1. Using the basic label-point model (7 angstrom from Cα toward the beta carbon), what is the A:Leu510 to A:Ser662 distance in nanometres?
2. Using θ = phi - 60° and the Karplus curve 6.51 cos²θ - 1.76 cosθ + 1.60, what whole-Hz ³J(HN,Hα) does each residue of the range A:417-425 get, with Gly and Pro shown as x?
3. So if each residue of separation counts as 0.36 nm, and I subtract the Cα-Cα distance between A:Arg823 and A:Phe872, what length gain in nm does that give?
4. Can you bin the range A:555-661 into rounded, prolate or oblate? Criterion: square roots of the alpha carbon gyration tensor eigenvalues sorted a ≥ b ≥ c, rounded for a/c under 1.5, prolate for a/b above b/c, oblate for the rest.
5. Can you list residues whose amide H is under 5 Å from A:Ala798's amide H, if they're 5+ apart or on another chain and H is modeled 1.01 Å from N?
6. For peptide A:796-804, compute the average count of partner chain beta-carbon atoms within 10 Å of each residue's beta-carbon.
7. Determine, for each peptide in B:149-161, A:780-792, the mean count of other beta carbons within 10 angstrom over its residues, then list the peptides with the highest first.
8. Between the DSSP loop rule and a limit of at most 13 other Cβ atoms within 10 Å, which GluC sites (Glu not before Pro) in the range A:550-653 are left?
Amino acid sequence: MRVCIVVVLNTFLSCGIWAQKSLLFDVVSLSNKPQTVEAFLLELEQVADIQITFSPSQIDLKKRVKLNLSTQDIAAHLKAILKGQAIRYQIPTKSIKRIVLVKDPKLLKRTIKGLIIDELTGDPLIGVLVRDKQSNNTCYSDDNGFFRISTDIGNGQLEFSLLGFETKIKNEPTFSDAISKVTLDFDNYLPDILITGSEIKKFVGIPGENIYMRNISSYTNFLGENNVMEEIKTSTAIQSGNEGEIGFLARGGSSDQNLVLYEGVPMYVTDHTAGLSSIFVADAVKDAVLYTDEFPLKYGGRLSSVLDIKLKNGKRDKTTGTINTSITGSNLFLSGPLSDKLSYNISGRLSWIDLYIDPILKRSFNYEDSQIAYQDFSGKLFYQIDPVTQLSITGYTGNDILKLQRTSSEVQESKVFEVGDLNQIEWSSKFLALNFQSFLNSNWIFKSHLSAMNYKHISRGNYFFNEFDAETNDTLRFNNLDILSYSEINDVNAYADLQYVPNEKIQFNLGGGRLIHKFTPTIRQETTESFQDFETIVNGDSSLVSSERYLYAELISTPSKYFKINAGFRTSNYSVRNKTHSFTEPRINFNWKPRPHHAFNLSYNQMVQYVHRLVNPSGGLPADLWVPSTENILPEFATHFSFRYTYQKRDFKLSFAAYQKSFDQLLDYTNSFDLFLAVLNQGNFVPVYNTSNEWERRVSTGTGISRGLELYLAKSLGESKFRLSYALSRTTRTFEDINEGKEFPFRFDRTHDLNFSFNTPISDKWDFAMRWIYGTGNTLTLAIEQFRTPEGLLLLNANGRNNYRLVPFHHLDLHVNRIFKIRKMDCRMSLGLYNAYNRLNPVYAFLYLDPNRNDLKIRQVSLFPIIPHLGFTASW
Amino acid sequence: MKNLFSILLIMVLSACVHDTDIVVGEFQSQLVINSIFEPGKTWSIALSNSKDITDNSTAIEEITDASVIIIESQSRKIKELEHSEKGIYRSSEPAELGMEYELEVAHPDYGVASAFTTVPSEIELTSIDTSIVELDGAKVLKVDFNIVDNEEEENFYVWDLVSSQEEEIDILPSEEAYLTSVDGNVEITSDRANVQQSKIFISDRDFNGTEYNTSFISFRNIENFQNGNPNNPNEQLDLKLRVLSVSEELYNYLKSVEESYRSQNINTSSVNPVEIDFNITNGLGIFGAYKQKLVDIE
């Protein structure tokens, strides 16, 4: 009996519970006309024969609502009637046909996720400020253009702003639950904008300084061409100046310690000869993001900085292009649609400096053969598979050649003397890359990359001295020295990254990859001239294959709007010639914004580097030998601490930073004379360098340390803007085999580094810009201490490596732009002066004994005096 | 207009060269100590100072008023050297084979400079053979020989060819480079022919305690030697093979001097000259011992 009662009760209860749930599934029809919430609730009670109870103060009963569907279940009706009011319905267990409505504040908000796109180019916009106007909650779009922000349901208003773009406001109801797309239109053409999105990003703790390519037209190199590599030197962490040097120097590091990614492919060269141009056509570049600290874990393999350059995807509604000409050459950019999902971006550069330099070199400097030429070509196909999935294929090829050759002949008594020299530098670089990206859903983003690249650098010096009998033409003496430095790298690279973003407060990044290198570093010296091509001479006897694998994991947490932390590690494994090196690189960054306009950042990063560039240690012909870590040469390692304070309010920004970077296992040549020096010793040329494999025996490893303070100031005065960046630093090296193991200054140690720029519109058609750069001179080793040997001979001793400092480096650049239209094309004529007061800044120097006065001097060689430049740009 | 354009281009595109005075701050002259000695011979130490090459008003001077002592490391026996002439200090007692010595020089203007060295043991050579070979169209002398290495110590060897006519033979490298070796163990030189030096350098790292065979080639014009006749191998050449066993400090010093001769410090773009490997603390120069063996070349 008891059992029966229990069974009956359970059945009754179950029916009751089921009945409660089934109440919500009952389909009823309500009016399809707009009416108040109160009216709909009354109608629902009558039609569904239920009782609805609620507190009138919690519900806006007067709000008018229109149902999209008049016939649906009760739950759907309640959701539609009470939309935007944060009301939850409950069914009390004791009642079968009663619904209680209660207020739930959590239902007031929702997280909106979306992509922000440049209306003009179709490219994602990074660093867009997204602000909820009601709560003042903010976030920034990331490097995918992706944002996520919490806002009030129904009342929320989101404001999208980015300097240089029109601000857009969108109401919350217009956003769907899927990933929404927001487009921003460029505001106006601002050729010299100073406070870019990079400052905003840095201010609120987004790592990396983003360089907006449209804004760099005044920050050109000395020959009037827009130059990405010149623009990054406005960063306090990058050294200004260094004429004639390719690459750049970041916080005490050498130029091979910078990872430059071009569409995800690590590049070994970024400039053409003597910095005449960079390899990037500025108009084709969408983003150039520079990291000098706070390194994201997905980047590795270099010690000092990361520069991530991405090309534009290409608009899918019309064709656009830009052509730029100057005295050295021309470049062209074209982009447009091939279909509604497929677009292209092609760019190229061609030099014509040879056309007028060659006759001058032949006529005025007696060169019988000369070549100065460079070119680049990039092509990208972008396919938008669906709104959240994209695939791109990019190819690049570029090369440089600089060649100078001359001979001279002289008759003395009955002998003929013939002397000649050939100096040649050339490099080539090409790659093919595949990039894939997909938003798997609103929380997961997947990216992958596959590429192959080839890089070659060749330096050659050939010197000969022959003596003939003038009458018989018999050879009396024949001396020849042919020196070749050859560096070739073949890379195959594959990696994948995964981002998980469950909400706006937390993000997980995971990834891994593999990079296979084949190096062929070779130096050969012969006393006969070799007429074979370089590849045959080299013969691959110095080839080395190495493999690099890595995995990383990173957590980005924003527990409150005042605080953000990035933390993670990267573990890598490097194999070469049966030897494996493994490293784990922990990294952590804190960002704290205690009050509006103020931000603090503290950063700790470890980095490892498995490839090295050995450079000709003196100022002569560059060798640029890229070599890998081996079983004898350990990878280089760096530990980096930095602190930054930033204040930014409206159009004023002040930033102060301090850093310390320590290096381990640095490489340098032990004995540092010029690799390409042809020594004439009683008519016999003496090669002092040997075959390729000996480079390991010729180098030493050591440590280094760099410390610095950096100051950055930017201010707008109406439409005029000025910017000042200053760095005070000291960088030293310590090698056991060099300088008796004592610390010595780094070759590019620069105590003071200052970059000041100012620009202003003169009228609506003219604008003016100026820039002044100052830097402490580079160091060099000078042997001026003379002493006597046991035999009484006199030799020179250098009392320390890099014991002498060149004079400070500074120059003033002036620039004006005239903007006009030709038909539908936007045109710009640029006129400028590089080094306006003709300062002869030394590129290198050596001891010179004046034979007439028997006086020892420093002979300084400068590269670029005052240089006017003229350029023309047309865009459509 | 065309000329103006050309001038502008030349101005723009040519490198500019100008000379400035060298200003390196206050120059500090250092004590220079030169002593390369053989066991069985009396000590001879030359003292001088270094000078700033850019300062024409100063000269290298001999130091005649220093205190110079040599300490035998094992017995701590001190020998005091007396100044004899022109900055040279001598002792009547000879250095001994296999001993370790410490040199100390004190002077009020230069402070105290010191150095250590060890006297190497005897050299044993066997199987010396010479031949005239043709290389690159020239007749050259090839010398093959064996060194019997002492297992109990680390040995450093330097060899070259010297003329029998020379009474006093310098052991320092010279500007005249005419030797090359195809032995892969030698230092500085390569495994390729035609890289010439004034001396050959090798350590016993790869043949310690064994009998080691090596060879080298002399490009010195055979006809220059008295009675030398490459067409008649039986005729005696006026040459000696000289093999030196040197202390490690002297070995490093001689090697760096050799490399210094192969580079130039003046009138070239080389702004990073070779560092000479001195073993003097608080000074420049060399305090090193050697043992030499001379063998007639036939």
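Where a number appears in this text, it was derived from the coordinates with a stated rule and is not lab data. Just so we're clear, the structure is a prediction, and the values are computed from it rather than from any experiment. Cβ coordinates were reconstructed from backbone atoms using ideal geometry, including for glycine residues, and neighbour counts include every protein chain displayed.
1. 3.4
2. 10, 10, 10, x, 8, 10, 10, 9, 10
3. Length gained between A:Arg823 and A:Phe872: 16.1 nm.
4. Values: a/c = 4.32, a/b = 1.78, b/c = 2.42.
Oblate.
5. Residues meeting the criterion, in which the H sits 1.01 Å from N, are B:Ile276.
6. On the way: counts 9, 12, 7, 7, 1, 2, 2, 2, 5.
Partner-chain Cβ atoms within 10 Å, mean over residues of A:796-804: 5.
7. On the way: B:149-161: 19.1, A:780-792: 21.1.
Those peptides, ordered most packed to least, come out A:780-792, B:149-161.
8. Values: sites: A:Glu554, A:Glu631, A:Glu636; in loops: A:Glu631.
Answer by residue number: A:Glu631.
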